[in-house]
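As structure tokens, the structure follows; a few thoughts come after it.
The values are calculated or read from the model by the stated rules, or taken from the named source; none is laboratory data. Keep in mind the model is a prediction, meaning the values are calculated, not measured. Backbone-built Cβ (ideal geometry, glycine too); neighbour counts: all protein chains shown. When the accessible area is computed, the model is the full protein with side chains, heavy atoms only, and any ligands, DNA or RNA have been set aside. Shrake-Rupley method; radii C 1.70, N 1.55, O 1.52, S 1.80 Å.
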Amino acid sequence: MTVAFDQVAMGLDAGAPVLLASVSEPHAIRVLLIENGALDRGFLANELSKQGFAVRQLASLPDAPDAARDADIIVLHCDRAKNSSIDLLVKLHPLGLNVPVVLLTGEVPPAHECLALDKGAVDVICKSRGSEVLGRRIKGVVKIIGRMDRLQSDRAMICGKLLLRPDVSRVYWNDADLDLTLGEYNIVHLLVSNVGKYITYRAVYDRLRHEGFIAGDGPDGYRANVRSAIKRIRNKFRALDPTFDEIENYAGFGYCWKKLD
């Protein structure tokens with residue numbers, strides 16, 4: 001079975017799409033490769049695909065936010081004199097991407113490497129090391145990041161008046177237990193983990209039940225279930241605090257936990 005990780009992306013100087021090598025690993029690490037050189041980009045994507053990675057190619061940053069949503073890691077390189085890899089790395093931060101970035105470079109003097117790490121790269125690799133070394137480093141980064149995510153998953157989360165305790169699946173508002181069901185807790189955890197970002201009805205429902213679960217009338221019937229669940233959650237918050245308005249709705253799309261002012 002072939003991994004479907006958006007295996008078509010636009011080239012740098014051509015209007016035709018660049019087809020990426022297919023990957024036959026069902027749980028392949030998903031790499032977003034941002035490389036301005038068309039030849040290097042195609043070669044590197046092919047080499048990483050041979051190692052079992054699911055690779056998507058981009059020539060520049062404008063499409064990165066959408067492309068990175070399903071990526072496990074970003075590999076970033078730019079050879080242009082007026083737009084260095086570190087310049088691109090700095091530009092990634094305002095895009096709100098929460099994906100580790102490995103920086104490829106033609107040379108790695110200590111000052112260059114330190115600057116890249118200070119600007120947010122998790123690793124800096126010289127291109128001369130070859131694609132096999134790059135592949136090993138990518139696997140190491142993803143493994144470490146995954147371990148950190150698991151460790152952090154049990155840590156308490158504080159957002160304004162809210163305290164979320166993943167270790168006991170409890171939510172507190174102004175130190176009072178809201179007595180949420182596990183499904184309601186899972187929804188709040190999803191929203192609070194993505195403060196300021198709208199989460200689709202489908203994603204909320206998948207957290208309430210499980211991915212792919214079908215319920216309600218018609219293909220979009222699950223939306224009514226989501227609306228009912230959100231209403232119950234809001235009512236529990238408002239029973240403690242009538243001014244509660246942290247959960248916002250984008251009609252026809254989903255819900256968001258409001259950012260703190």
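Between residue 43 and residue 90, what length comes free when the chain is fully extended (0.36 nm per residue of separation minus the Cα-Cα distance, one decimal in nm)?
14.4 nm
Leaving out ligands, DNA and RNA but keeping every protein chain, what accessible area does residue 155 have, in Å² rounded to the nearest 10, with a 1.4 Å probe?
Roughly 140 Å² of residue 155 is accessible to a 1.4 Å probe.
What spacing in nm lies between the two simple spin-label points modelled at residue 240 and residue 60, each 7 Å away from Cα in the Cβ direction?
With each label point 7 Å from Cα toward Cβ, the separation is 4.9 nm.
Ordering 197, 236 by how much accessible area each has at a 1.4 Å probe, largest first, what is the list?
197, 236
How much length would be gained if the chain were fully extended between residue 133 and residue 176, taking 0.36 nm per residue of separation minus their Cα-Cα distance, in nm to one decimal?
The residue 133-residue 176 span can extend by a further 10.3 nm.
At 1.4 Å probe size, what's the solvent-accessible area of residue 192? Round to the nearest 10 Å².
For residue 192, the solvent-accessible surface is approximately 10 Å².
Would you mind calculating the gained length between residue 50 and residue 251 on full extension (0.36 nm times residue separation, minus the Cα-Cα distance), in nm to one decimal?
68.0 nm
Just reorder 246, 184, 113 by solvent-accessible area, largest first, 1.4 Å probe, all chains present.
Ranked from most to least accessible, the order is 113, 246, 184.
Near residue 143, which lysines are there with a Cα under 28 Å away, not counting those fewer than 8 places off in the same chain?
Within the straight-line cut-off, residue 143 pairs with 50, 91, 119, 127, 197.
Estimate the FRET efficiency between residue 231 and residue 156 by the formula 1/(1 + (r/R0)^6), using the beta-carbon distance for r and 22 Å for R0, to the nearest 0.05.
Here the calculated transfer efficiency is 0.25.
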